[in-house]
Amino acid sequence: MRMEFEQIAHIESAHPSKFGVPRQSGLAPSDRARIVFEPEFRNADALRGIEGFSHLWVLWIFDRNSSDGFRPTVRPPKLGGNERVGVFATRSPYRPNPIGLSVVKIEKLEPLRDKGLTIVVSGADMTDGTPVLDIKPYLPYADSVPSARGGFADEVGEKIAVDFPDELLERLPPDDRTAVAELLALDPRPGYQDDPERVYGMEYSDYNIRFVVKNSRLKVVSVDKK
């Protein structure tokens with residue numbers, strides 16, 4: 001059966017590329033994004049009552065993927081990129097249907113003159129421009145399962161120590177500093193890369209942030225505006 005879906009919205013975030021995006025939603029709670037509805041869905045009545053909920057499910061599309069057909073197994077970064085597991089046992093973006101599912105926190109509803117009523121959210125894990133298929137309220141009594149098991153991804157993983165010199169941190173706008181520090185502490189590098197001499201670059205909004213990682217410590221070496 002072949003189905004067609006319509007994009008209802010898109011994400012505006014500070015992540016122009018995939019590198020540096022949190023691997024799961026909620027890991028960088030200070031990182032904010034905006035859900036902007038497409039013109040035909042910019043009806044405030046469609047959001048009536050949403051202010052009573054604290055969180056949303058967002059269904060979205062991995063639109064940055066290069067498609068080379070169905071692959072039954074993948075190498076998840078959680079396992080260091082060396083072990084293969086079934087694609088349906090992972091949250092890999094390389095799936096038969098490239099659909100993502102994320103929980104985000106509603107920060108506020110904000111009307112914008114040229115974009116209608118938008119939803120500002122935090123904890124998102126999507127790049128700028130990501131197409132959104134649907135949003136649904138998160139229901140704690142039904143959606144939270146404290147006794148659930150997480151398989152090989154059961155642990156969040158230890159956050160890496162970050163050395164962010166004050167003179168470099170101050171180059172970022174004050175509202176972005178906490179979010180960037182949270183993202184760096186998640187160690188944006190692919191799980192299979194551990195070159196202490198390599199300088200990595202992460203884009204955030206209008207800035208390029210470069211860093212090295214040695215002895216399990218991340219050090220920011222430059223912050224430059226694009």
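The values are calculated or read from the model by the stated rules, or taken from the named source; none is laboratory data. Given the structure is predicted, the values throughout are model-derived calculations rather than measurements. Every residue, glycine as well, gets a Cβ built from its backbone with ideal geometry; the counts of neighbours run over all protein chains shown. Protein only, heavy atoms only, side chains kept; ligands, DNA and RNA dropped before computing areas. Shrake-Rupley method; radii C 1.70, N 1.55, O 1.52, S 1.80 Å.
Within region 33-64, which residues are of a type in the set (K, R) and in contact (Cβ under 8 Å) with a residue 12 or more places away in the chain? Scanning region 33-64 gives R34, R42, R64.
This table checks each residue for (1) part of a strand (DSSP E or B); (2) surrounded by 14 or more Cβ atoms within 10 Å (Cβ to Cβ).
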{"position": "Y94", "(1), (2)": "no, yes"}
{"position": "E110", "(1), (2)": "yes, no"}
{"position": "D114", "(1), (2)": "no, no"}
{"position": "I135", "(1), (2)": "yes, yes"}
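Residue pairs whose Cβ atoms lie under 8 Å apart, sitting 6 or more positions apart in sequence or on different chains, and linking a residue in region 124-140 that is more than 14 Å from S17 (Cα to Cα) and in contact (Cβ under 8 Å) with a residue 24 or more places away in the chain to a partner that is open to solvent by 30 Å² or more (accessible area, probe 1.4 Å) and among the aromatic types (F, W, Y), are L133/F5; I135/W57; K136/W57; P137/F53; P137/W57; Y138/F53; Y138/W57. For residues in region 35-80 being under 30 Å from D195 (Cα atoms) and part of a strand (DSSP E or B), which is modelled with the highest pLDDT? My answer is T73. Taken over region 98-119, the criterion of being closer than 16 Å to I8 by Cα and touching a Lys or Arg at 6+ places or on another chain (Cβ under 9 Å) is satisfied by G100, L101, K115, G116, L117, T118, I119. When the strands (runs of 3 or more DSSP E) confined to region 140-225 are screened for residues that are of a type outside the set (D, E, K, R) and within 25 Å of N82 (Cα to Cα), those reaching at least 2 such residues are found at 200-204, 207-214. Of all residues in region 14-25, none are part of a helix (DSSP H, G or I) and out of contact with any strand residue (DSSP E or B) (no Cβ under 8 Å at 6 or more places or on another chain). The residue that is surrounded by the most Cβ atoms within 10 Å (Cβ to Cβ), among those in region 116-133 that are in contact with a His (Cβ under 7 Å, 6 or more places away or on another chain) and assigned to a loop (DSSP other than H, G, I, E, B), is T130.
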